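Structure record follows, encoded as structure tokens.
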Amino acid sequence: MSEPVAVVAGVGVGTFEDYVTTRSAALLRFAYLVTRNSDDAHDAVQDALLGLYPRWRQIAARGEVDAYVRRSIVNAHVSAWRKVRRVFPAADPSLLAPAPSVPDAAEALADADQALRLCGELPPMQRAAVVLRFYEDRTFAEIADILGCPEGTARSHVHRALQALRAKLAGGDHD
């Protein structure tokens, strides 16, 4: 019996090893944006892939590989956050995709750093919802599926996160 071919972003990735090779960088970026710590991001991706491996055939056959891995990353981070509720260190820019060149790169970098810092202050579920919505351009239905909540709750997470970010920016609470 041949191994199922997983389809990710419209492209068949074949075996588990092919999936890991093809998607690990994107999953690591996603995990970093959710965890705000490169060590935790690496651990989260590794744990998610370890959980995926024994279930590869059934999850690949359903075509839900990325959703499964992302949900594993978010669930693990929320569980860890609930246990320790620790402060997260400053951003590790080496994990983020390179920014396109802009006339004033210093200003754009400062804005991006400020956005990352402010997002890091959000509760984990809100931060995950914002990352899924605006970094990965996911629909609310996809966000709900990944976070394991109703679509209305996913919308609420994004809405509340944006309200908090706007309040921090308007109140000058961004230094």
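Figures for the structure shown
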read-out	value
Residue check, Ala128 closer than 15 Å to Val34 by Cβ, surrounded by 11 or more Cβ atoms within 10 Å (Cβ to Cβ), modelled with pLDDT of 85 or more and in contact with a Phe, Trp or Tyr (Cβ under 8 Å, 6 or more places away or on another chain)	no
Failed item, numbered, when Gln163 is tested on (1) over 21 Å from Ala26 (Cα atoms); (2) buried (at least 16 other Cβ atoms within 10 Å of the Cβ)	(2)
Odd one out for Leu52, checked against (1) at pLDDT below 85; (2) surrounded by 14 or more Cβ atoms within 10 Å (Cβ to Cβ); (3) hydrophobic (A, V, I, L, M, F, W, C); (4) assigned to a helix (DSSP H, G or I)	(1)
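Conditions (1) open to solvent by less than 50 Å² (accessible area, probe 1.4 Å); (2) modelled with pLDDT of 60 or more; (3) on the phi > 0 side of the Ramachandran plot, marked per residue:
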| site | (1), (2), (3) |
| --- | --- |
| Ala97 | no, no, no |
| Pro100 | no, no, no |
| Leu118 | yes, yes, no |
| Asp137 | no, yes, yes |
| Ala141 | no, yes, no |
| Arg155 | no, yes, no |
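The values are calculated or read from the model by the stated rules, or taken from the named source; none is laboratory data. Computed from a predicted structure; not experimentally measured. Note that we place each Cβ from the backbone using ideal geometry, even for glycine, and neighbour counts take in every protein chain shown. These area figures cover heavy atoms from the full protein model, side chains too; ligands, DNA and RNA do not enter into them. Shrake-Rupley method; radii C 1.70, N 1.55, O 1.52, S 1.80 Å.
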